[in-house]
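Can you keep this structure in mind? I'll have questions shortly.
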Amino acid sequence: MTYHGWQEVIGAIGIFGMVIVVVTIVVWNLAATWRARAILARDYAYRRLAEQAVHHQDTIDRRLAGIDERLTDVQTRMRSVERILKEVE
């Protein structure tokens, strides 16, 4: 093989190596972008789930407060009924 033949082989290997490096970098960056989008989508879903949980907890707190008021009223009425029954005996 002549001197120019070796230069062509080395040049072809260099260009092939450069193409492989560029393709690897592009694929690596695309994968990083896809991972970042997936993480953002997952974070958004978690945030939405947390907001729903807080909303439902607030609703439950309001309902429990109403039940507590009604229970207090029932207890007050029960005491008055017990007092009246004791007076009747």
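The values are calculated or read from the model by the stated rules, or taken from the named source; none is laboratory data. None of the values given here were measured: they were computed from a predicted structure. Please note: Cβ atoms are built from the backbone with ideal geometry, for glycine as well, and neighbour counts cover all protein chains shown. With ligands, DNA and RNA removed, areas are computed over all heavy atoms of the protein, side chains included. Shrake-Rupley method; radii C 1.70, N 1.55, O 1.52, S 1.80 Å.
Can you give the local net charge around Arg77? Use residues other than it whose beta-carbon is closer than 14 angstrom to its beta-carbon, Lys and Arg +1, Asp and Glu -1.
Once positives and negatives cancel, what remains is 0.
Efficiency by 1/(1 + (r/R0)^6): what FRET value for His4 and Leu30, r their Cβ-Cβ distance, R0 = 41 Å, to the nearest 0.05?
The pair His4/Leu30 has a calculated efficiency of 0.60.
Which value in deg cm²/dmol, rounded to the nearest 500, describes the helix-derived mean residue ellipticity at 222 nm for the chain, given -39,500 (n - 2.57) per DSSP H run of n ≥ 4 and division by the residue count?
Taking each H run of at least 4 residues, the total per residue is -37000 deg cm²/dmol.
Which value, in Å², gives the accessible area per residue of the chain when a 1.4 Å probe is used on the protein heavy atoms?
Spelled out: the 1.4 Å probe surface of the chain, per residue, equals 96 Å².
Let me ask you something else. Which loop-located trypsin sites (Lys or Arg not before Pro) does the chain contain, where loop means any DSSP state but H, G, I, E or B and the Cβ has at most 13 other Cβ atoms within 10 Å?
Hits after loop and neighbour filter: nothing returned.
Please get the size of the charge dipole for the chain, origin at its Cα centre, with Cβ charges of +1 on Lys and Arg and -1 on Asp and Glu, quoted in debye to the nearest 20.
So the magnitude is around 80 debye.
Where the accessible area of the chain is counted over protein heavy atoms with a 1.4 Å probe, how much of it, in %, is carbon and sulfur?
That share works out to 66 percent.
At 25 °C and 0.890 mPa s, what whole-number value in µm²/s does Stokes-Einstein give for the translational diffusion of the chain, with Rh from the Kirkwood sum over Cα pairs?
D, rounded to a whole number, is 118 µm²/s.
Starting from the Cα of Asp73, step 7 Å along the direction of its Cβ; do the same at Tyr46; then give the gap between the two resulting points in nm.
With each label placed 7 Å out from Cα toward Cβ, I get 4.4 nm.
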